[in-house]
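**Student:** For reference, the structure I am asking about is given below.
The values are calculated or read from the model by the stated rules, or taken from the named source; none is laboratory data. Keep in mind the model is a prediction, meaning the values are calculated, not measured. Using ideal geometry, Cβ is built from the backbone for each residue, glycine included, and neighbour counts are taken over all protein chains shown. The accessibility values were calculated without ligands, DNA or RNA, using every heavy atom of the protein model including side chains. Shrake-Rupley method; radii C 1.70, N 1.55, O 1.52, S 1.80 Å.
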Amino acid sequence: MADESWRLPSSVQQLAASTQEPPRQYLLREQEPLGGNLAGTEMPEPIPTIDLGLLSASNDAEEAAKLRSALQTWGFFKVSNHGMETSLMDSVMTTSRDFFRLPLEEKRKYSNIIDGKHFQMEGYGTDQVKTQDQRLDWSDRLHLKVEPEDERNLALWPIHPKSFRDDLHEYTLRSKRIKDDVLRAMAKLLELDEDCLVNQFSDRALTFARFNYYPPCPRPDLVLGIKPHSDVYALTVLLMDKDVAGLQFLRDGTWYNVPAVSNYTLLINVGVTMEVAISEPQVNFSHIRVDTDKCMYSSFSPAQIMTNGILKGPVHRVVTNSEKERISVAVFYGLDPEREIGPIAQMLTEDRPARYRKMKVKDFLAAHFEHFSRGERVVDSLRIRSRKKVSLVNFNQDFQEKVMMHVESSRDAHSRLLDENVESCLELSHVDFDFITRVLLGGLQEEKALLKQAFLWSTCVGQ
Ligand SMILES: O=C(O)CCC(=O)C(=O)O
Ligand SMILES: [Fe+2]
């Protein structure tokens, strides 16, 4: 039987304690998309800080303008006056640190690998390894579902340190209030009803807490703590290590360092689900500017176009350092997995009818995680040449399946397939035959993958 041990990487913490040379799988590859200089650049201005108390109590115009600008430029911001006590943040950080300091056997009681072989999202370990050449991240994590409360899997909630469960419970309650305040402020900016965004999160909506642990790394010039990504859920509340920096955000092709400050900071950023959920109905993907040659991530996402540039699920990564461990606690707010996402009804008008089929949140998440392991974003898989009118979203499921079947199997059949479908394609506007033909006839691996991803995306936004 084939050796499948690569699927089960060891704890990075343990590795860090025993090696001076990180194994090959952790090293950045040459020409890696978004690789480049890991040192990052200092931010040209302090991180925007939004006084959440002021904004929610009085809808202060100046604070609202700051929020708008933060979302338009960086896609993330700090919150102050948010109601979470420093003592609670301190407790959560201390408890997290204490958990990661436990012996490996103790932590493994909460392992995310079942029966020694099957990966599950929740629990202690590393991210899923899907392929043998996947580049691995220099971090361990504990990932727990915290909401809905009746879906908590307490068997995976550590009993040591003793205060872990109570702290996390309390932290979840406080964090939710912050999330709701932020969503109300965003709704106002988007000129939606104040509770419109809050109401997207039903009592079945998923919330995850993720405790990230980055041990010191002997090769910080070559190894990332977390690869570039956008958070998949709708909104993230991130509690940062107050002593050790590492987080970087991408803006216009440059990586900017988020500095550590001496007090606890809560950082908020929008996730990809929000991009889709807030989607304006008539996206013209031809506006997506992509530099295919340099393999850069697009600096536009549908949400930006849809909301006139207000929302952006920022791409970020974490770099390592050779001296100090680093911890962060992210709370990810998602929607009910059984729910469908698509344009919010309030954003539809007679002139702008919904164009996109809806998709279940759980299918969207599955597509995302498939991309994440390869270091890609679902949104960015639409690497379409500019100025072309392309709307792959208009292909129906049947056509997508046929195309993929043929792409995978015989080349000769491609043109026939195209002929067969010309009629149905023509009925739909915005089809770029040039693109499709190139993919089908060219047989290029990269293009095939692209098409596949585009189809995944198309099922996300639907028609
Ligand atoms: O550790 C950090 O600062 C960021 C972590 C992160 O991006 C994530 O967990 O998605
Ligand atoms: Fe993240």
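**Student:** From (1) at pLDDT 95 or above; (2) closer than 29 Å to Lys162 by Cα; (3) crowded, with 16+ Cβ neighbours inside 10 Å; (4) of a type outside the set (D, E, K, R), pick out the condition that doesn't hold for Pro9.
**Tutor:** (1)
**Student:** Taking Ala234 and the conditions (1) at pLDDT below 95; (2) away from ligand 2 (no atom under 16 Å from the Cβ), which numbered condition does it fall short on, given that it satisfies the others?
**Tutor:** It is condition (2) that Ala234 fails.
**Student:** Right, here's the next one. Just to verify a result, which residue in the range 98-132, among those that are without any contact (Cβ under 8 Å) to a residue 24 or more places away in the chain and over 19 Å from Leu154 (Cβ atoms), is surrounded by the most Cβ atoms within 10 Å (Cβ to Cβ)?
**Tutor:** The qualifying residue surrounded by the most Cβ atoms within 10 Å (Cβ to Cβ) is Arg101.
**Student:** Might you let me know whether the range 258-278 holds any residue that is part of a loop (DSSP other than H, G, I, E, B), closer than 19 Å to Leu144 by Cα, open to solvent by 10 Å² or more (accessible area, probe 1.4 Å) and modelled with pLDDT under 95? Outline the logic, then answer.
**Tutor:** Taking the range 258-278 first, the residues part of a loop (DSSP other than H, G, I, E, B) are 258-264, 271, 278.
This time we only want the ones that are closer than 19 Å to Leu144 by Cα, so: 271.
Filter again for open to solvent by 10 Å² or more (accessible area, probe 1.4 Å), leaving none.
No, there is no match, as no residue in the range 258-278 is part of a loop (DSSP other than H, G, I, E, B), closer than 19 Å to Leu144 by Cα, open to solvent by 10 Å² or more (accessible area, probe 1.4 Å) and modelled with pLDDT under 95.
**Student:** Still on this model: Being more than 15 Å from the chain's Cα centre (by Cα), of a type in the set (Gly, Ala, Ser) and under 23 Å from Leu71 (Cβ atoms) is the filter; apply it to the range 187-231 and report the residue that is nearest to ligand 2 (Cβ to nearest atom).
**Tutor:** So, considering only residues that are more than 15 Å from the chain's Cα centre (by Cα), of a type in the set (Gly, Ala, Ser) and under 23 Å from Leu71 (Cβ atoms), the one nearest to ligand 2 (Cβ to nearest atom) is Ala205.
**Student:** I would also like to ask the following. Please note which helices (runs of 4 or more DSSP H) are completely contained in the range 20-137 and include at least 1 residues that are among the acidic types (Asp, Glu) and within 27 Å of Ile178 (Cα to Cα).
**Tutor:** 61-73, 86-101
**Student:** Working carefully through the options Phe99, Phe119, find the one that is of a type outside the set (D, E, K, R) and touching a Pro at 6+ places or on another chain (Cβ under 6 Å).
**Tutor:** Selected residue: Phe99, the only one of Phe99, Phe119 that is of a type outside the set (D, E, K, R) and touching a Pro at 6+ places or on another chain (Cβ under 6 Å).
**Student:** Looking at the structure I just gave you, is Ala209 open to solvent by less than 30 Å² (accessible area, probe 1.4 Å), modelled with pLDDT of 95 or more, in contact with a strand residue (DSSP E or B) (Cβ under 6 Å, 6 or more places away or on another chain) and not basic (Lys, Arg)?
**Tutor:** yes
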